[in-house]
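Remarks on the structure that follows.
The values are calculated or read from the model by the stated rules, or taken from the named source; none is laboratory data. Since this is a predicted model, take the numbers as computed values, not measurements. Cβ atoms come from the backbone with ideal geometry, glycine included; neighbour counts cover every protein chain shown.
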Amino acid sequence: MRPSLATIAAELQGYDPQALRVNEVNAFLSRLAEPVTEHEYLDLFQALGRVLALDLVSPISVPAHDNSAMDGYAFCGATLSPDQVLKLKVVGTALAGVAWRGDLGPGDCLKIMTGAVMPHGLDTVAPQEMVTLQDEYISIPAGILRPGDNRRFKGEDLAKGQEALLKGERISPAALGLVASLGIKQVPVYRRLKVAYFSTGDEILSLGEPPREGAVYDSNRYTVFGMLTKLGCEVIDLGVVRDDPVLLEAAFADAAGRCDAIITSGGVSVGEADFTKAMMKKLGDVAFWKIAMRPGRPMAVGRIGNALLFGLPGNPVAVMVTFLAFVRPALLRLMGSKAPLPPLLKAQTLEALRKKPGRTEYQRGIVSNAADGSLKVRTTGNQGSGVLSSMVQANGLIVLHHQQGHVSIGDTVDVMMFDGAI
């Protein structure tokens, strides 16, 4: 049985929905988001970004044989001398993909191509650019090689029976190549998440509607759609829902009946029309938080039916920041991913930053490389939560932690890089 919000809250020391710290939010959501269990088998070309549902064991050794790491000449390394030139007779050529068949005597060697199987008795490769070839003989200078150099061992990458990928790993381009190297055509992955999204409020305009005084066009649906699509979710767009109890109830019921998660924006702040909050309370097990952060203080979280609910603030930047900080990690867990949160990078700030202790601030930043290779960061300028253009300019968020105060020029700060998340 899934734990209630009250049960989860009781497990968190010092839980206070009116003054939650950022780390407490993620701790709560890690308990709330229980991974899906259903999985399917997909061809590799369809599996990118999906989460592996079972451990993947290598059915073969990779490489399957000892082989040459480069083009050169294969010989027995025991014949090397630290102070004498080694002269060897070339008696054949070993090509990649074709095992060489023949007899080798003392003082013989083979010309060998990269990836070619190392013939029995040969364990060392002299790169072709290091030797002198004259007639049928090569000369290897003294002291440039050791026995075993430039040989790849059987199973060096993966041994037969070894775990190649673990359950809960998200399949990356490198993982696709690894699986293909094992001769595996299909992989078991958790099913794709279905996530419904809608904006709330009478002041929200959909594209195509004429402008009117006091109204704004809905940008949040498009940023959330983009972030969910990047994450690999199946997105169900329910449009803009007006501040009408009947319409709100229908939207929530529709989303809860066919989705794993519901995301809304607007209607969760103090002083806003309470239709959205009231409907959340009526239909589900929902908590309303005030998070010690900027931007993005108000947030609702819980369940409606079997669907997780994330009620985000209405300001465009606050929507994106709370999604990146909280919703994205929770959805990854729901997808079955066991990956930890991405590490924060260290960068020196190129400007002074004002900050009050007692909350976590996410300032939009532009990270660059200095001449010495170190990372530098500056803000995008105006940090208002409605300045959506700043999220386009930024390549990461400067994370100023809860107890941190003002930052001086040259101080080191933490940076959360977007890295394809948006």
Determine, yes or no, whether Gln46 is of a type in the set (S, T, N, Q), without any contact (Cβ under 8 Å) to a residue 24 or more places away in the chain and over 24 Å from Gly336 (Cβ atoms).
no
Test Leu228 against the criterion of being of a type outside the set (Phe, Trp, Tyr), modelled with pLDDT of 90 or more, under 30 Å from the mean Cα position of the chain (by Cα) and within 24 Å of Gln46 (Cα to Cα), and give yes or no.
yes
Residues in region 318-362 that are of a type in the set (S, T, N, Q) and in a helix (DSSP H, G or I) total 1
Applying the selection to region 54-72, what residues are within 18 Å of Lys185 (Cβ to Cβ), touching an Asp or Glu at 6+ places or on another chain (Cβ under 8 Å) and part of a loop (DSSP other than H, G, I, E, B)?
Asp55, Ser58
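Of everything in region 46-95, what is among the small types (Gly, Ala, Ser) and under 27 Å from the mean Cα position of the chain (by Cα)? Give them in sequence order.
Selection gives Ala47, Gly49, Ala53, Ser58.
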For region 110-145: of the residues being touching a Phe, Trp or Tyr at 6+ places or on another chain (Cβ under 8 Å), not in a loop (DSSP other than H, G, I, E, B) and not hydrophobic (A, V, I, L, M, F, W, C), which is nearest to Tyr73 (Cα to Cα)?
Lys111
Within region 257-273, is there a residue that is within 19 Å of Leu5 (Cα to Cα) and either among the aromatic types (Phe, Trp, Tyr) or out of contact with any strand residue (DSSP E or B) (no Cβ under 9 Å at 6 or more places or on another chain) (or both)?
no
Of all residues in region 226-241, which are touching a strand residue (DSSP E or B) at 6+ places or on another chain (Cβ under 7 Å) and surrounded by fewer than 18 Cβ atoms within 10 Å (Cβ to Cβ)?
Thr229, Glu234, Ile236, Asp237, Gly239
Just checking, which of Ala330, Ala352, Ala339 is modelled with pLDDT of 95 or more, farther than 16 Å from Leu20 by Cα and not assigned by TED's automatic domain parsing to the domain that holds Asn220?
Ala352
Would you point out which residue out of Ala164, Ala126, Ala116, Ala142 is among the aliphatic types (A, V, I, L, M) and not assigned by TED's automatic domain parsing to the domain that holds Asp71?
Ala164
Take the residues of region 278-297 that are under 21 Å from Pro357 (Cβ atoms) and not basic (Lys, Arg): which is surrounded by the fewest Cβ atoms within 10 Å (Cβ to Cβ)?
Ala292
Of the numbered conditions (1) assigned by TED's automatic domain parsing to the domain that holds Ala164; (2) assigned to a loop (DSSP other than H, G, I, E, B); (3) surrounded by fewer than 15 Cβ atoms within 10 Å (Cβ to Cβ), Gly49 satisfies every one except a single condition; which is it?
(3)
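Quick one: count up the residues across region 300-331 that are among the polar types (S, T, N, Q) and farther than 15 Å from Glu361 by Cα.
Looking only at that region, the number is 2.
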So, in region 183-213, of the ones that are among the charged types (D, E, K, R) and free of Cβ contacts under 8 Å to residues at least 24 places away in the same chain, which residue ends up surrounded by the fewest Cβ atoms within 10 Å (Cβ to Cβ)?
Glu213
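Which one of these is over 30 Å from Leu341 (Cα atoms) and crowded, with 16+ Cβ neighbours inside 10 Å: Asp149, Asp157, Asp83, Asp135?
Values: Asp157 fails: over 30 Å from Leu341 (Cα atoms); Asp83 fails: crowded, with 16+ Cβ neighbours inside 10 Å; Asp135 fails: crowded, with 16+ Cβ neighbours inside 10 Å.
Selected residue: Asp149, the only one of Asp149, Asp157, Asp83, Asp135 that is over 30 Å from Leu341 (Cα atoms) and crowded, with 16+ Cβ neighbours inside 10 Å.
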For region 321-352, how many residues meet the condition of being closer than 24 Å to His39 by Cα and not hydroxyl-bearing (Ser, Thr, Tyr)?
14
Matching residues, region 10-25, being buried (at least 16 other Cβ atoms within 10 Å of the Cβ), out of contact with any Ser or Thr (no Cβ under 7 Å at 6 or more places or on another chain) and in a helix (DSSP H, G or I):
Glu24, Val25
If you check Asp103, Asp149, which single one turns out to be farther than 30 Å from Phe45 by Cα, in a loop (DSSP other than H, G, I, E, B) and in contact with a helix residue (DSSP H, G or I) (Cβ under 8 Å, 6 or more places away or on another chain)?
Asp149
